[in-house]
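Written below as C-alpha cells is the structure these notes are about.
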Amino acid sequence: MTGQEREVLTWATFGDASRDLTKKIVDDGFVPEVVIAIARGGLIPAGAISYAMGVKAAGTLNVEFYSDIEETLPDPVVLEPLLDTDAIVGKKLLVVDDVADSGRTLALVIDLLKAHTADVRSAVIYTKPRTIVQPDYSWRETDKWINFPWSTLPVIT
C-alpha cells in the first residue's frame with residue numbers, strides 16, 4: 001500500500017463534509033427518528049450528523065469486516081453489544097458509516113434493520129465505485145484508500 005495515492009480526510013474537511021452530507025439529507029426531506037452508527041467507522045460521522053439534524057435518539061451496531069488496510073474477513077460479522085431492536089420498531093432510521101467500500105457491511109446492516117422497520121436510509125462520507133449498495137446519501141466518491149482522521153494514527157498502548 002505504500003506509495004499509492006490516498007484520499008486524505010482531515011478533521012477540518014470532515015467538519016465541512018458532515019455538514020454538507022447533512023444538508024443533502026435535510027434537503028431531501030428525510031427526518032430520521034433514530035440515527036444508527038455502524039461501529040466503529042460510522043461513530044464519529046453519525047454523531048456529527050445527529051447533532052447537525054437535532055436528532056437525539058442514536059444507536060450503534062457493531063460490525064467487523066476490515067482486519068487491516070484493504071484486508072477483510074470473509075464476511076462482515078455483527079459483534080456484541082447488540083442494538084436494542086425493540087426501540088426501533090416502526091421508526092424512521094438513518095444508518096451512518098464512514099465509507100461504502102464493498103458495500104457488504106452496509107447491506108448487512110440495512111437488511112437486519114429492515115426486519116424491524118420499513119424506512120431505513122443510509123448515509124456515508126465516501127462511496128467507492130465497486131459498492132454493491134448505493135447509499136441514499138453520500139458526500140463524495142473515490143476509488144482510493146481513505147485516511148480518516150480518527151483511524152490513521154497508531155493505536156495508543
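The values are calculated or read from the model by the stated rules, or taken from the named source; none is laboratory data. Just so you know, these numbers come straight off a predicted model, no measurement behind them. Using ideal geometry, Cβ is built from the backbone for each residue, glycine included, and neighbour counts are taken over all protein chains shown. SASA here: full protein model, heavy atoms, side chains in, ligands and nucleic acids out. Shrake-Rupley method; radii C 1.70, N 1.55, O 1.52, S 1.80 Å.
Structure notes:
- Charging the Cβ of each Asp and Glu at -1 and of each Lys and Arg at +1, and nothing else, the dipole of the chain about its Cα centre rounds to 380 debye.
- Distance (nanometres) between label positions extended 7 Å along Cα→Cβ at Thr157 and Lys24: 3.8
- Protein accessible area in the chain, 1.4 Å probe - carbon and sulfur %: 52
- Using the 1.4 Å probe convention, the accessible area of region 118-157 works out to 60 Å² per residue with neighbouring protein chains retained.
- The relative contact order of the chain comes to 26 percent, based on Cα pairs under 8 Å that sit 6 or more residues apart.
- Cα centre as origin, Lys/Arg/Asp/Glu Cβ charges: region 93-139 dipole, Debye: 140
- Computed about the Cα centre, the dipole magnitude for region 1-56 is approximately 200 debye when only Lys and Arg (+1) and Asp and Glu (-1) carry charge, each at its Cβ.
- Beta bridge orientation in the chain: antiparallel %, DSSP, nearest 5: 20
- Projecting the Cα positions of Gly41, Ala52, Ala107 onto the charge dipole of region 26-134 (unit charges on Cβ atoms of Lys, Arg, Asp and Glu, taken about the Cα centre) puts Ala52 furthest along the positive direction.
- Sites Thr142 and Val89, calculated FRET efficiency, Cβ-Cβ separation with R0 35 Å, nearest 0.05: 0.45
- Cβ-defined net charge surrounding Arg121, 9 Å radius [Lys, Arg +1; Asp, Glu -1]: -2
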